[in-house]
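Student: Okay, handing you the structure first.
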Amino acid sequence: MHEPPNVSSLTQISIHQLDTKAENGHTKNKMADVDVFISNYTIVDPEIYQLWIEGFSSSEAVSYLKQKGFGHSMGAPSDLIASDVLDHYRTYSLIELYLNAPTKLMEQSCFQLEPHMRDLITEKYYSIDDVVAREILGKKLSSRYRKDLDEVAEKTCVKLKSVRRQFDNVKRIFKAVEEMPGTLTNNIKQHFFISTDLAKKYACIVFLACLRFETTKKKLQYLTFSDLLTCSHAIMIYWTYTYQHTGPEYYDTEMDKEFLLDLRELRCLLDKEKEIKHLVCMRLKPVLLERAFHELDGNFRSYWRALITIACNLHRNRELRDLFVDLCEKLIDPWRQNGWNREQVNKFLSSITQSVLDLEISRDQETRCLWDRYMQVITICLDKMYHI
């Protein structure tokens, strides 16, 4: 069975000379010189493909290209530009059937694509806008929500067709890797042939969805997708089983339950508040303004107890899901009210982390390790979440 001809195949026939003359009642045929060139490599115009990816209709794409002077230098008429764009759009719509499962794109033979071009169209197809990703976070990836994507399109100023493509890609990747052993980023890269940076974005969405982290509350709306991307990857690195274990049997969508339970042991640090406060104040007094230092001195207990309380409750699923909410309510909001800047936040976190490590160095090694691992994530999260 023969495959259908490639929609982008190009056949050029150049007839240099074909002449028939009648001489003395006889017909004389001269030799015809015919050059034939056949190519079935699919032509992908990156600019037109980008417009298709962004959800422009073919007519909108033509108008956009004309405004940019596309074809003006060659004197191409409007109908020729429109025909060319429409031809490209038809090709991309056919290729899309394979992009839904990129392994099929690698195996198919209908569209002959150079490796670099195949990588480009796959990467672009699975591209996701941060503003759209932020809206999808925390939402159920259901058909019902898909029907309401026009609200997301209006809010983000991204065309509805593009929003739907991005939503469908998120849903597709989530289903493919949700229960797959190994690390999310590597699994997504290997099965969807996209770059590491893009795979990390999808890994963040899948991770937050699997663990059902709260990201939709009003007080968290100021957080960008980039903020949550950084926070989620810190949690995946330090608080899942992959922190101390390697191998395909370990998932970075599974929290290290033993570690979270062991964090309850940090409650003993509440009894060492005076010692910790003394070490922190010694470190920060030379680098803080007098007003800032007095504020820290007066409110140290509430900040210290908030850090310990959050740690001791993370073994409960509900408390883990509310991690970002708790960080906002118990630390970020008070710091904002007391006029802290980001530099002050980072100095405090660095100082309090090191003070506990110094205090425990000759006492309890287990407590020291727990505290260090816990604060690795808390420091990264608070640094990204603290907007002024």
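Student: What is the sum of charges around residue 335, taking Lys and Arg as +1, Asp and Glu as -1, for the other residues whose C-beta is under 15 Å from the C-beta of residue 335? The partial results should precede the final answer.
Tutor: Details: positive: 219, 291, 301, 305, 330, 336, 342, 347, 384; negative: 295, 297, 326, 329, 333, 343, 383.
Combined, the nearby Lys, Arg, Asp and Glu give +2.
Student: Show the residues, 5+ positions off or on another chain, whose built amide H is closer than 5 Å to the amide H of residue 112.
Tutor: 42
Student: With every protein chain kept in the model, how would you rank 315, 294, 191 by accessible area, 1.4 Å probe, largest at the top? Let's see the in-between values first.
Tutor: Numbers: 315 55, 294 110, 191 80 Å².
Result, largest first: 294, 191, 315.
Student: Here is a follow-up. Please report the accessible area of residue 109 (heavy atoms, 1.4 Å probe, ligands and nucleic acids excluded) in Å², nearest 10.
Tutor: 50
Student: Please calculate the 1.4 Å probe accessible area of residue 90, with all protein chains present, and give it to the nearest 10 Å².
Tutor: 140
Student: Quick one: pull the percent of accessible area on region 266-388 belonging to carbon and sulfur, 1.4 Å probe, ligands and nucleic acids left out.
Tutor: Numbers: 2760 of 5830 Å².
Result for region 266-388: 47 percent of the exposed heavy-atom area is carbon or sulfur.
Student: Also: Could you give the length gained by full extension between residue 120 and residue 221, i.e. 0.36 nm per residue of separation minus their alpha carbon distance, to one decimal place? Let's see the in-between values first.
Tutor: On the way: separation 101, 0.36 × 101 = 36.36 nm, distance 3.28 nm.
So the chain would gain 33.1 nm between residue 120 and residue 221.
Student: Could you work out the helix-only [θ] at 222 nm for the chain, with each DSSP H run of four or more residues adding -39,500 (n - 2.57) and the total divided by the number of residues, to the nearest 500 deg cm²/dmol?
Tutor: Working: 20 runs with 231 residues, N = 388.
-18500 deg cm²/dmol, from helical runs alone.
Student: Right, something else. If I model a spin label as a point 7 Å beyond the Cα along the Cα-Cβ vector, how far apart are those points for residue 316 and residue 144 in nm?
Tutor: 2.8
Student: While we're on this one: Between residue 103 and residue 67, what is 0.36 nm times their sequence separation minus the Cα-Cα distance? Round to one decimal in nm.
Tutor: Working: separation 36, 0.36 × 36 = 12.96 nm, distance 3.75 nm.
Once the chain is fully extended between residue 103 and residue 67, it gains 9.2 nm.
Student: Taking H placed 1.01 Å from N in the peptide plane, check which residues at least 5 places from residue 240 or on another chain put their amide H under 5 Å from its amide H.
Tutor: Excluding prolines and chain starts, which carry no amide H, the hits are 256.
Student: Which residue, 355, 78, 162, has the most motion in a Gaussian network model of the chain that connects Cα atoms within less than 10 Å?
Tutor: 78
Student: How large is the charge dipole for region 127-252, taken about the Cα centre, if only the Cβ atoms of Lys, Arg (+1) and Asp, Glu (-1) carry charge, to the nearest 20 debye?
Tutor: Values: 21 positive and 15 negative charges, 103 e Å.
The dipole of region 127-252 has a size of about 500 debye.
Student: Hey, what angle do you get for helix 273-284 against the long axis of the chain, alpha-carbon based, 0 to 90 degrees rounded to 10?
Tutor: So the helix axis and the longest Cα principal axis differ by about 60 degrees.
Student: Sticking with this one: Stretch residue 110-residue 342 to full length: gain in nm at 0.36 nm per residue minus the Cα-Cα span?
Tutor: Values: separation 232, 0.36 × 232 = 83.52 nm, distance 5.51 nm.
Gain in length upon complete extension: 78.0 nm.
Student: Now, a different point. Which residue, 328, 204, 268, tops the fluctuation ranking in a GNM of the chain built on C-alpha contacts under 10 Å?
Tutor: Largest GNM mean-square fluctuation: 268.
Student: Testing the spin-label approximation: label points 7 Å from Cα along Cα→Cβ at residue 275 and residue 179. State their distance in nm.
Tutor: About 4.9 nm separates the two model spin labels.
Student: Here is a follow-up. Residue by residue, what Karplus-based ³J(HN,Hα) values in Hz, rounded to whole numbers, does region 331-338 have, using 6.51, -1.76 and 1.60 with θ = phi - 60° and x for Gly and Pro?
Tutor: Those phi angles translate into 10, 5, 4, x, 5, 5, 4, 9 Hz.
Student: Just want the answer: with Cβ charges of +1 for Lys and Arg and -1 for Asp and Glu, which residue in 63, 92, 43 is farthest toward the dipole's positive end in the chain?
Tutor: 63
Student: Please compute the modelled spin-label separation between residue 306 and residue 186, points set 7 Å along Cα→Cβ, answer in nm with one decimal.
Tutor: 3.8
Student: For the chain, set up a Gaussian network in which alpha carbons nearer than 10 Å are linked by springs, and say which option among 164, 291, 336 fluctuates the most.
Tutor: 291
Student: Continuing with this model, one more query. Of the heavy-atom accessible surface of region 132-181 (probe 1.4 angstrom), what whole percent is carbon and sulfur?
Tutor: Working: 1320 of 2790 Å².
The value for region 132-181 is 47 percent carbon and sulfur by accessible area.
Student: Just to confirm, what accessible area per residue do you get for the chain at 1.4 Å probe, in whole Å²?
Tutor: On the way: 21030 Å² over 388 residues.
On a per-residue basis, 54 Å².
Student: Does anyone have the angle between helix 290-313 and the longest principal axis of the chain? Alpha-carbon axes, 0 to 90°, nearest 10?
Tutor: 80
Student: Answer with a single label: of (1) 25.4; (2) 24.3; (3) 26.7, which was calculated as Kirkwood radius over Cα pairs in Å from the structure in view?
Tutor: Label (1) holds the value from this structure.
Student: At a probe size of 1.4 Å, how large is the accessible area of residue 216, to the nearest 10 Å²?
Tutor: Using a 1.4 Å probe on the heavy atoms, I get roughly 60 Å².
Student: Still on this structure: HN-Hα J couplings of region 208-220 from phi, Karplus 6.51/-1.76/1.60, θ = phi - 60°, integer Hz, Gly and Pro as x?
Tutor: 5, 6, 4, 8, 6, 5, 6, 9, 9, 4, 4, 5, 9
The values are calculated or read from the model by the stated rules, or taken from the named source; none is laboratory data. Everything numeric in this text was worked out from a predicted model, so none of it was measured. Neighbour counts are summed over all protein chains in view; Cβ atoms, including those assigned to glycine, are modelled from backbone coordinates with ideal geometry. Accessible surface is based on the protein model in full, side chains and every heavy atom, while ligands, DNA and RNA are left aside. Shrake-Rupley method; radii C 1.70, N 1.55, O 1.52, S 1.80 Å.
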